[in-house]
1. Need a quick list: helices (runs of 4 or more DSSP H) entirely within the stretch 132-243 having at least 3 residues that are under 22 Å from the mean Cα position of the chain (by Cα).
2. Could we say that Gly280 is closer than 30 Å to Gln182 by Cβ, assigned to a helix (DSSP H, G or I) and over 19 Å from the mean Cα position of the chain (by Cα) here?
3. Here's a check for you: in the stretch 422-435, which residue that is part of a helix (DSSP H, G or I) and in contact with a helix residue (DSSP H, G or I) (Cβ under 8 Å, 6 or more places away or on another chain) is nearest to Asp312 (Cα to Cα)?
4. Can you run down the residue pairs with Cβ atoms below 8 Å, 6 or more apart or on separate chains, where the first is in the stretch 363-376 and at positive phi and the partner is polar (S, T, N, Q)?
5. Go through the stretch 358-390 and give me each residue that's closer than 23 Å to Pro424 by Cα and touching a Phe, Trp or Tyr at 6+ places or on another chain (Cβ under 9 Å).
6. Test each condition in (1) modelled with pLDDT of 55 or more; (2) touching a Leu at 6+ places or on another chain (Cβ under 8 Å); (3) of a type in the set (A, V, I, L, M, F, W, C) for Cys48 and report the one that comes out false.
7. Can you go through Ala155, Ala130, Ala178, Ala169 and tell me which one is modelled with pLDDT of 95 or more and surrounded by fewer than 21 Cβ atoms within 10 Å (Cβ to Cβ)?
8. Residue check, Arg235 against (1) in contact with a Ser or Thr (Cβ under 8 Å, 6 or more places away or on another chain); (2) more than 15 Å from Leu449 (Cβ to Cβ), all met but one. Which one?
Amino acid sequence: MEHAGTQPAPIQTAALEAAPVRERRSRASLRLALRRSGVEPLWRLLLCALAIAGGWMALWLRAPFSSAAQHSARREVFEARAAARVAATLGSLKGPFVKAGQFAANRHDLLPSSATTALAALRDRVPPLAFPEVRAAVELELGAPLAALFSEFEASPLGAASIAQVHRARLPDGEAVAVKVQYPWLESSLRADLAWVHAASRFFTRRRGGVDRERLFAEFAAGLREELDFVREARVAAEIAANLAHDPRVVVPRVLSSHSSRRVLTMSYAPAVRVDDRAGLARLGVAPRAVLEILTRAYAKQVFVDGLFHADPHPGNLFVLDEPGAAARPRLLFVDFGLSRRLDPALRREMRLGIYALLQRDEAAFLEGMQRMGMIAPGAREGVARAVGEMFRGIAGRGGPLGVPAAQVLSLKDEAKRLLQQTPGLQLPNDLLLFAKTLSYLFALGAELDPEVDLMQLSLPYLLQFLAGQEAPLSRAPGATAAGPAAG
């Protein structure tokens, strides 16, 4: 979610109080009723489906009069437009629908690349909620008029995401803050929204044999419920801040509990520039290489040592503080801890054993780990084994798992996507996909900012610390499975 950028002029909250309160509440109540009942999502999704069906019908009618090449080209255009239309509809509905799109964008094992590419746009491009509804939500949550809570509150948000948007504001004592406001209907409409998402997930994955749809949906719903709890987000942010306190170059916003609740989160604010803003970094005299070094070490410690990590490292959530001395000693600001994960000790253990298996080129041990984690559907082991063998050969050809240059990590990621899409019965835990996605975002950002920086080398000390942890490779008799206590 955005933190800084071109700033609109501050709006005095006293002037905003002139808006008709009764009209605001009436509109909010009507939308809440429509959303809670499931009517609003239904008609929007139906309109989307009808438009896509019309496009498909036109494509089908033209097929007899087109060459195979023309039909193939038109089909590609149709699929891209259909995916974009779905993404736009989900974005307008926000909440679970945007989250479902983001979740699906990571499921390269279930959807074609045309769909995952379009849905990936939902990561940081969601239409904002109208300000009167934002103000009503803040006043209801914090139990006071906006003018009593803040001396200034900007009507235009700094950024809008799946479950909330952020506004710049100022407390009565003059402190600058950023206020994250959850869309007001989400909690009360969650049951109906999840029912529609569940139905859609069953429809779109019906052709994927062996997929455990119920497990996928349960993982999705549990993650969403966590994100809707801003008290949890504040707690996670504080824990990550404590974990990274050894590095003064990393900054996590301070949460102001006096102006926060389960659905409103008020944090300290400081001017900053996005990590991908080359002009802004040049103005500060900060080299992209310095930013990448701080960022890589911070993430390597989170994912390999702490097991709790900020899982949304796109440029809208990562900033360099705009302050004196930034050129000599830049400081990196993390924002938006709603999407964060604590890796289960059992998963950390299996990840460690999986890396050992890669190092030893032991495909059988790797497959056993996948089986223990429920990643292989019944009857699919043979096909999954072929895919694992291909992956092992690809990694070996690049120098092994610890010797892969950063420049080749993204090509490995593309090969992994292809294997996921082409291997029936392969179903990955969402936390593992989120972990992989986080690292993928980091390597893509590194390639964009400074391809000469080797993120693998920067991460290696933390990875070795992870490998030297409590879990060690287990000696196995042929055909035996690993056993022992799970620990992180």
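The values are calculated or read from the model by the stated rules, or taken from the named source; none is laboratory data. Fair warning: this is a prediction, and the values are worked out from it, not measured in the lab. Note that we place each Cβ from the backbone using ideal geometry, even for glycine, and neighbour counts take in every protein chain shown.
1. Values: elements: 146-149, 186-204, 213-227, 230-243.
Qualifying helices (runs of 4 or more DSSP H): 186-204, 213-227, 230-243.
2. Numbers: closer than 30 Å to Gln182 by Cβ: yes; assigned to a helix (DSSP H, G or I): yes; over 19 Å from the mean Cα position of the chain (by Cα): yes.
Yes.
3. Of the stretch 422-435, the ones part of a helix (DSSP H, G or I) are 422, 430-435.
With in contact with a helix residue (DSSP H, G or I) (Cβ under 8 Å, 6 or more places away or on another chain) added as a condition, the list becomes 422, 430-432, 435.
On the way: Gln422: 27, Asn430: 14, Asp431: 13, Leu432: 14, Phe435: 10 Å.
Within the stretch 422-435, the match that is nearest to Asp312 (Cα to Cα) is Phe435.
4. Gly374/Gln427
5. Looking only at the stretch 358-390, we keep the residues that are closer than 23 Å to Pro424 by Cα, and these are 358, 362-390.
Leu358, Asp362, Glu363, Ala365, Phe366, Val388, listed by residue number.
6. (2)
7. Details: Ala130 fails: modelled with pLDDT of 95 or more; Ala178 fails: surrounded by fewer than 21 Cβ atoms within 10 Å (Cβ to Cβ); Ala169 fails: surrounded by fewer than 21 Cβ atoms within 10 Å (Cβ to Cβ).
After ruling out the rest, the residue left standing is Ala155.
8. It fails just one condition, (1).
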